[in-house]
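Structure, as structure tokens:
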Amino acid sequence: MSLRISNGRHFCLMILLAFARASEGFKPRFSAPGNKFRFLNEGTTKKGDTYLIRSVPSIYNEGYTFYGQGRTKYSVGGLDYLYQARGEEYVAPPSGMRSAVPLGPMGEGAVELRADGRLADWGTIFNNAPYTPDPSWARKIDIDEAMFALATKSRGRKPVAKAMRTTLPERLHSLGMVDELTYNGGFPAARLRVTDADLDVDASLTAFGEFAVHQPENSTAPIVFFSFHFKNKRKWPVNASVLFSMPDVLNGTFKKWGQRGVTLNRGAKTSDSEGSDPVERNKWGNLTLSVVEASHGSSTFYPILAQNLSQAFSTFQAFSSGKGSSELANVSTEGDGGATAQTGAISVRVPLEAKGNGHVILALSWFFPHRMWGSVDLGHFYQNFYNSSEHVAEKEGTPAHVREVEESGSKWQALCLNNSFPAFLQDVLMNSA
């Protein structure tokens, strides 16, 4: 078996850390998955905030976009930059809006969880990078309909379901948005805390990928974990639900992966002939949304295949209200086995005791092995260990492994923060964007 070498750009200033007085480690602040991570900066976005792109003098443009605004190519005329509009004044947006911590393995693709709840800057996951033989695919992409949603149901109160977002394109406003999101970043993790008057729970999401110091072989799995934490506000039991949805961005086909998740597949298997069209071959592969763990033994999982996000959200509303599988099939694309599905999603419902806590861990995994440079297939390092996105989820998406990944990431943060460096340098080293 020949090894594939990643061309990802990751760096660390280990020479500086050699002079730091790092401690033995640090005690975790909480015991729940994802809560060992530490953060330095934060930014809060609110429902109703207005953001827009403005061009500022610059000689380099990274192709920044916000809901399709802005240029996507190099420009010497100016840099498209995101600002927040306050009346007639334009100010710098909250931390986590212009950029956020890259979530993903070393050099094998990444996505960012932004302060308004967007999953943005999908870079190289789909082999959408400058090396691709398709120039129109050689860019980072934003996927507005790749999102999370939250719902609660309790006795005597109307069920509530909302997108876990504070900004949405106008066409999606009917989904509803939470009141506030507070972002914290600290590589290799990002966190969002939810404030909403209607939801019966306080909720937070911690997202992180693999990163193990001095262990590149343990830093390349193409998977990102999303750990949700719920605290029941009420003095009676509450059901809390979470949705993770993904549109068909590949012109592929969705299918259910048992009750654990959904998979989007494009093209043929990795054994396809070497003479295949490089443009098409570059996009072949699959992506899986899956459940890793739910905190309560009677938690319920339900994968959704739908014609669009609105239908998936309606199914989620029915699911979070306690509907059974037969009733849910009537509002989603089930009759044709998902052949017409344009959106795939996974939903989880967790019962919470009065004033109780709970958590759900979801995962995003991918496998797009044909990294084409012209007609040459460079491949990916991760294909030495996996043969599909479901294989990645099965092998790496276990409760025990999630905690190992959290521990490894927190050790890196300890190196960055448990030393005598000035605060600004600690911030730079850990990357708390």
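The values are calculated or read from the model by the stated rules, or taken from the named source; none is laboratory data. The structure presented is a predicted model; accordingly, all values stated were derived computationally and were not measured. Neighbour counts run over all protein chains shown; Cβ positions are idealised from the backbone, glycine included. To get the accessible areas, we keep the full protein, side chains included, count just its heavy atoms, and leave off ligands, DNA and RNA. Shrake-Rupley method; radii C 1.70, N 1.55, O 1.52, S 1.80 Å.
Table for the structure above
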quantity	calculated
With every protein chain in place, region 291-433: carbon and sulfur % of accessible area (1.4 Å)	52
Additional length obtainable on full extension of the chain from Q307 to N357, 0.36 nm per residue less Cα span	14.6 nm
Calculated FRET efficiency for the pair V428/H391, C-beta based, R₀ 41 Å, to 0.05	0.65
Solvent-accessible heavy-atom area per residue, rounded to whole Å², over region 394-433 at 1.4 Å	43
Share of Cα-Cα pairs in region 184-296 lying beyond 16 Å, as whole percent	73
Efficiency of FRET between S321 and S174 - r from beta-carbon atoms, R0 25 angstrom, step 0.05	0.90
Net length gained if the chain between R155 and T195 were fully extended (0.36 nm per residue, minus Cα distance)	12.3 nm
Whole-number accessible area per residue in Å² for region 195-321, which is evaluated in the context of all protein chains at 1.4 Å	35
Extension gain from R403 to I143, taking 0.36 nm per residue of separation minus the Cα-Cα distance	90.8 nm
Under 13 Å, Cβ to Cβ, from R86 - net charge with Lys/Arg +1 and Asp/Glu -1	-2
Prolate/oblate/rounded call for region 133-252, Cα gyration tensor, a/c under 1.5 rounded	oblate
